Amino acid sequence: MRLIIVCLTALLLLIQYPLWLGKGGWLSVRKLDGQVQLARKKNDELRARNAKLESEVHDLQQGTGAIEERARYELGMIRQNEIFIQVLDANGAPVAAPAGAAGSSAPGAVAVPASPPATASASPAGASAPASSPRH
């Protein structure tokens, strides 16, 4: 009787080995599950990045606003009839531009219209006039 119990216990332990330590066992499944979670997180980040890039491509293809913004901030271009103003501090270093100010990428630089637009009363508040081609 004692021999049967020992044999059954040994058989039970041999059956448990693949369940815990073998290929497809609990430990390897947990490890693979962690890898799947990391891959899903990375895929979500890449989807968000792709959506942002797709939106930027759409803006560049459909509208002039994104092109004008890039021309202003990356190339330092201004519109026709705008005056470029750069504010310097006492040491001659550019002062940071106020938030929301349009202008070039230079700190403390603002491009302002040379004269008020002729259709200012016809456009709603916050609307911008149609963009003319940016120039240097």
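Can you tell me which condition Gly65 does not meet? The list is (1) closer than 30 Å to Ala96 by Cβ; (2) open to solvent by 80 Å² or more (accessible area, probe 1.4 Å); (3) not aromatic (Phe, Trp, Tyr), and all the others hold.
Just one mismatch for Gly65, condition (2).
Tally time: how many residues in segment 50-60 are open to solvent by 70 Å² or more (accessible area, probe 1.4 Å) and modelled with pLDDT under 85?
1
Evaluate the following for Gly103: is it modelled with pLDDT under 80 and either open to solvent by less than 70 Å² (accessible area, probe 1.4 Å) or aromatic (Phe, Trp, Tyr) (or both)?
Considered against the rule, which asks whether it is modelled with pLDDT under 80 and either open to solvent by less than 70 Å² (accessible area, probe 1.4 Å) or aromatic (Phe, Trp, Tyr) (or both), Gly103 comes out as yes.
For segment 1-36, which residues satisfy the criterion of being open to solvent by 70 Å² or more (accessible area, probe 1.4 Å), assigned to a loop (DSSP other than H, G, I, E, B) and touching a helix residue (DSSP H, G or I) at 6+ places or on another chain (Cβ under 9 Å)?
Result: Leu21, single match.
Which residue pairs have Cβ atoms under 7 Å apart, sit 6 or more places apart or on different chains, and have a first residue in segment 71-90 that is touching a residue at least 60 places away in the same chain (Cβ under 8 Å) and part of a loop (DSSP other than H, G, I, E, B) and a second that is open to solvent by less than 90 Å² (accessible area, probe 1.4 Å) and not hydroxyl-bearing (Ser, Thr, Tyr)?
Pairs found: Gly76/Ala106.
Does Ala96 satisfy the criteria of being open to solvent by 80 Å² or more (accessible area, probe 1.4 Å) and either small (Gly, Ala, Ser) or on the phi > 0 side of the Ramachandran plot (or both)?
Judged against the criteria, Ala96 is a match.
Going through segment 30-71 one residue at a time, which ones are of a type in the set (Lys, Arg) and within 17 Å of the chain's Cα centre (by Cα)?
Lys41, Lys42, Arg47, Arg49, Lys52, Arg70, listed by residue number.
Tell me yes or no: at least one residue of segment 37-49 is in contact with a helix residue (DSSP H, G or I) (Cβ under 6 Å, 6 or more places away or on another chain) and surrounded by 10 or more Cβ atoms within 10 Å (Cβ to Cβ).
The answer is no, given that none of the residues of segment 37-49 is in contact with a helix residue (DSSP H, G or I) (Cβ under 6 Å, 6 or more places away or on another chain) and surrounded by 10 or more Cβ atoms within 10 Å (Cβ to Cβ).
Name every residue in segment 31-69 that is closer than 30 Å to Trp20 by Cβ and either in contact (Cβ under 8 Å) with a residue 40 or more places away in the chain or polar (S, T, N, Q) (or both), in order of residue number.
Passing the criteria: Gln35, Gln37.
The values are calculated or read from the model by the stated rules, or taken from the named source; none is laboratory data. Predicted model only: the values in this text are computed from it and were never measured. Cβ atoms come from the backbone with ideal geometry, glycine included; neighbour counts cover every protein chain shown. Surface areas here come from the heavy atoms of the whole protein model, side chains and all, with no ligands, DNA or RNA. Shrake-Rupley method; radii C 1.70, N 1.55, O 1.52, S 1.80 Å.
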